[in-house]
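Notes for the one structure printed next.
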Amino acid sequence: VFLQSVDSTNQEVKRLAAQDAPHGTVVVAEQQLTGKGRLGRVWSSPPGTGIWFSFLLRPQLPPSKVSGITLAAGLGVCMAIRQYTGLNALIKWPNDVIIGNKKVCGILTEMGLNGTKIREVVIGVGINVNLKEIPSELQDKATSLYLETGKTYDRIQILAQVLECFEENYETFIRTCSLSGMVEEYNKLLANRNQPVRILDPNQPWEGTALGINEQGELLVKDEQGTIQTVRAGEVSVRGLYSYV
Ligand code: BTN
């Protein structure tokens, strides 16, 4: 579904889902008037510059497994950007895609439940493609494919590539109900790998070295005592000690 302008493609997918839209429905908009980021943030989505899209999935999975789909989406975007542009895009766990420590893509996953079963999963993806300017307060944190290369890209081609890469990861994930088919590729592209991280645990923040993800999508972090701990996405947020937020 293509729309010139919409409040948020995630909201539109949720409205379509309520009217029984099928698994696989994709909504892409030229512009979002109230694009949403994670943690209630605003996602700036001006016309003609980025790829702002969301898709509907109706997987038969326990809700606890949904974070794996978001990891598959982050990996799909990262692989597509690398293949299409040759840029060294990497993943900041769990699912930001970054280039040289600056964010180029964010993903917002929302889930609707029927009792304890998944009714729908909405994955919203924002990719800064041809943005020529980044607001001054975000200049050290965000970038676009154009700002990295000086080239303008065909957004339709990139969208097609992202969906293709995602679908491959998703099918493997659903078939095996595990991230085993993706872990190796994901860890190769993980910017946090072997990097110092600060775990913002609400009870007690702590520091360690990120080692990679396991087959449940948890981040393995070696703490200062040398013990390997697992960190679940959503429970805590991870910051690079010396780099981006
Ligand atoms: C984040 O990193 O905070 C997540 C950003 C997600 C932005 C995308 S743009 C398309 C979709 N519609 C929205 O309103 N948000 C997501």
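How charged is the neighbourhood of Tyr186? Take every other residue with its Cβ under 14 Å from the Cβ of Tyr186, and add Lys/Arg as +1 and Asp/Glu as -1. Write out the running numbers ahead of the final one.
Working: positive: Arg82, Lys92, Lys188, Arg193; negative: Asp96, Glu168, Glu184, Glu185, Glu215, Glu218.
Residues near Tyr186 contribute -2 overall.
Projected onto planes of every orientation and averaged, the convex hull of the alpha-carbon atoms in the range 135-245 covers 9.4 nm².
How high is the relative contact order of the chain, given as a whole-number percent (alpha carbon pairs under 8 Å, six or more residues apart)? Intermediate values should be presented prior to the final figure.
On the way: 499 pairs, mean separation 38.6, N = 245.
Here the relative contact order equals 16 percent.
Taking the Cα centre of the chain as reference, the dipole from Cβ charges on Lys and Arg (+1) and Asp and Glu (-1) amounts to some 180 debye.
Note on the chain: GNM, Cα springs under 10 Å; of Val129, Val42, Val162, the largest mean-square fluctuation is that of Val42.
If eta is 1.567 mPa s and T is 4 °C, what Stokes-Einstein diffusion coefficient results for the chain, Kirkwood Rh from Cα pairs, in µm²/s? Don't skip to the end; give the middle numbers.
Details: Rh = 18.4 Å.
It comes out at roughly 71 µm²/s.
Nonpolar atom fraction for the range 1-148, defined as the carbon and sulfur part of the 1.4 Å probe accessible area, stands at 52 percent. Using a probe of 1.4 Å on the protein chains alone, the accessible area found for Thr152 is around 100 Å².
Sequence-ordered 3J(HN,Hα) estimates for the range 3-20 from the Karplus curve with 6.51, -1.76 and 1.60 and θ = phi - 60° stand at 10, 5, 8, 8, 5, 7, 5, 4, 5, 5, 5, 5, 5, 5, 4, 5, 9, 6 Hz, glycine and proline given as x. Note on Leu3 and Gln157: the extension gain reaches 53.7 nm, defined as 0.36 nm multiplied by sequence separation minus the Cα-Cα distance. Remark: the range 30-100 carries 38 Å² of accessible area per residue (probe radius 1.4 Å; ligands, DNA and RNA excluded). Of Ser178, Ser144, the residue with the largest accessible area leads and the full order is Ser178, Ser144 (1.4 Å probe). The mean accessible area for residues of the range 186-229, using a 1.4 Å probe and ignoring ligands and nucleic acids, is 55 Å² per residue. Basic side chains Lys and Arg get +1 at the Cβ, acidic Asp and Glu get -1 at the Cβ, and with that the dipole of the range 1-111 about its Cα centre reaches some 360 debye.
Heavy-atom surface analysis with a 1.4 Å probe gives the range 161-233 a carbon and sulfur content of 40 percent of its accessible area.
Accessible area per residue was computed with a 1.4 Å probe on protein heavy atoms; Cys165 scores about 10 Å².
Would you work out if the range 65-174 is rounded, prolate or oblate? Take a ≥ b ≥ c from the square roots of the eigenvalues of the alpha-carbon gyration tensor; rounded if a/c is under 1.5, else prolate when a/b is larger than b/c, oblate otherwise. Walk me through the numbers on the way to the answer.
Working: a/c = 2.30, a/b = 1.70, b/c = 1.35.
Cα axes put the range 65-174 in the prolate bin.
Using a 1.4 Å probe and counting only protein heavy atoms, arrange Val26, Val1, Val231 so the residue with the most accessible area comes first.
Working: Val26 35, Val1 90, Val231 5 Å².
Reading off the accessible areas and sorting them downward yields Val1, Val26, Val231.
Calculate for the chain the 222 nm mean residue ellipticity that helices alone would give, adding -39,500 (n - 2.57) per DSSP H run of length 4 or more and normalising by residue count, nearest 500 deg cm²/dmol.
Details: 5 runs with 63 residues, N = 245.
Here the helix-only value at 222 nm equals -8000 deg cm²/dmol.
Note on the chain: with a GNM built from Cα contacts shorter than 10 Å, the maximum mean-square fluctuation among Ile107, Ile134, Ile156 falls on Ile156. The trypsin sites (Lys or Arg not before Pro) of the range 127-163 meeting both criteria, a DSSP state outside H, G, I, E and B (loop) and at most 15 other C-beta atoms within 10 angstrom of the site's C-beta, are Lys132, Lys141, Lys151.
The loop-placed chymotrypsin sites (Phe, Trp or Tyr not before Pro) in the range 143-245, going by DSSP, that have at most 10 neighbouring Cβ atoms within 10 Å of their Cβ come out as Tyr242.
With K and R counted +1 and D and E -1, the other residues having a Cβ less than 12 Å from that of Asn128 yield a net charge of +2. Each of Lys188 and Leu138 was given a label point 7 Å from its Cα along the Cα-to-Cβ line. The distance between the two points is 3.1 nm.
The values are calculated or read from the model by the stated rules, or taken from the named source; none is laboratory data. As the structure is a computational prediction, the values presented were derived from the model and not from experiment. Heads up, the Cβs are rebuilt from the backbone with ideal geometry, glycines too, and the neighbour counts pull from every protein chain shown. With ligands, DNA and RNA removed, areas are computed over all heavy atoms of the protein, side chains included. Shrake-Rupley method; radii C 1.70, N 1.55, O 1.52, S 1.80 Å.
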